[in-house]
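Contents: one structure, followed by commentary.
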Amino acid sequence: LVKVLDMVGGRKNKGKSDNDDDDDDDDDLDVTKPMTYLEENGICLSSGILRVRPSPIEYAGRGVIATTHIARGEAVLTSPLIAMRREDFTIYETDDNAVIVRDQIDKTKIVGTELLYNYAFAHPDSPLYLVPSAPMANFINHGGPFKPKKKFEGKKKQIKGANVKVRWPEAGSNGAKLFEWAYNQKGGSHFTDDFDSYRFDDPNPWLRDHPIDVMERSGKLALEYVALRDIGPGEEILLDYGEIWDTAWVKFRDRNPYASAGYFRHAIGIPDGFFPEKWMHVTDRYEIAEIRDLEINALEPGVAVALTWAHNGKPVSSK
């Protein structure tokens with residue numbers, strides 16, 4: 001039996017001690033679920049079909065290796081996503097010797113970019129950056145474009161080209177249900193809706209939201225890595241990072257032949273059409289409503305008027 005708190009039923013008063021007076025019966029809710037329940041309704045973020053091992057690809061370090069046969073179309077891995085903006089990866093200068101306030105950042109002086117930037121999925125026309133957080137997801141290396149006509153020649157020969165792609169969870173799958181339920185929670189970081197009684201009719205709801213709204217629900221959306229062809233035991237799982245990434249890597253390698261690959265910084269490209277139009281050509285900055293609104297409701301001396309904030313002219317969902 002596995003005790004699942006907050007995720008399927010949850011406790012409303014889990015922070016109270018045993019001595020606190022509480023008449024709420026929900027505090028005694030038994031949320032123990034059998035393993036069969038988790039198998040039927042959950043997803044595995046780190047199954048035994050994958051292992052992290054040294055990669056034969058130059059400069060790659062470690063990679064994800066298949067331990068068994070994986071069929072074409074099979075979901076190799078499901079990963080939650082951390083939703084971020086570009087400046088979240090920026091490293092600013094700090095003053096370690098400050099006496100009053102130590103380690104206070106100076107945003108006028110940029111030192112570099114966080115390594116985490118290399119693992120983010122992004123599009124040059126979108127402010128949204130999505131970082132997979134599942135175990136092993138960020139060990140999946142670049143394999144170049146998928147080459148369906150390339151045949152396997154011997155057990156030790158690595159097939160070149162990507163053998164997986166990313167997609168949003170398929171409607172009706174456990175992954176789609178779990179993250180639809182998590183994303184649509186009204187309680188913010190608290191899971192208030194019961195999973196078993198939830199009505200699943202809105203798969204991948206983040207695709208209809210503005211990037212700012214998606215960032216507010218970071219960790220409650222996900223993607224899947226899906227096999228493009230049959231993958232044999234011992235093969236490395238490879239993804240196509242995109243032409244823009246590939247060009248940037250070649251330039252870095254040619255210009256810095258003796259530099260460590262660890263200095264390279266570039267986000268992973270996403271396939272065409274993967275990001276919805278609602279995420280494209282928009283800003284991640286809050287903008288105050290246009291001043292002409294005051295022409296209708298003029299300001300009066302001594303009267304407080306609530307200002308309406310909006311991003312790209314659309315009402316902000318929760319802030």
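Before we move on, is Ala98 under 12 Å from the mean Cα position of the chain (by Cα) and assigned to a loop (DSSP other than H, G, I, E, B)? So Ala98 fails the test. Identification of helices (runs of 4 or more DSSP H) wholly contained in segment 158-266 with 2 or more residues that are within 18 Å of Val76 (Cα to Cα) yields 174-183.
For segment 179-218, a residue qualifies if it is surrounded by 15 or more Cβ atoms within 10 Å (Cβ to Cβ) and hydroxyl-bearing (Ser, Thr, Tyr), and the qualifying residues are Tyr183, Ser218.
Read-outs throughout are calculated quantities, based only on the coordinates presented, and are distinct from any laboratory measurement. Everything numeric here is computed off the predicted structure, so don't read it as measured data. Ideal geometry is used to build each Cβ from the backbone, glycine not excepted, and the neighbour counts take in all protein chains shown.
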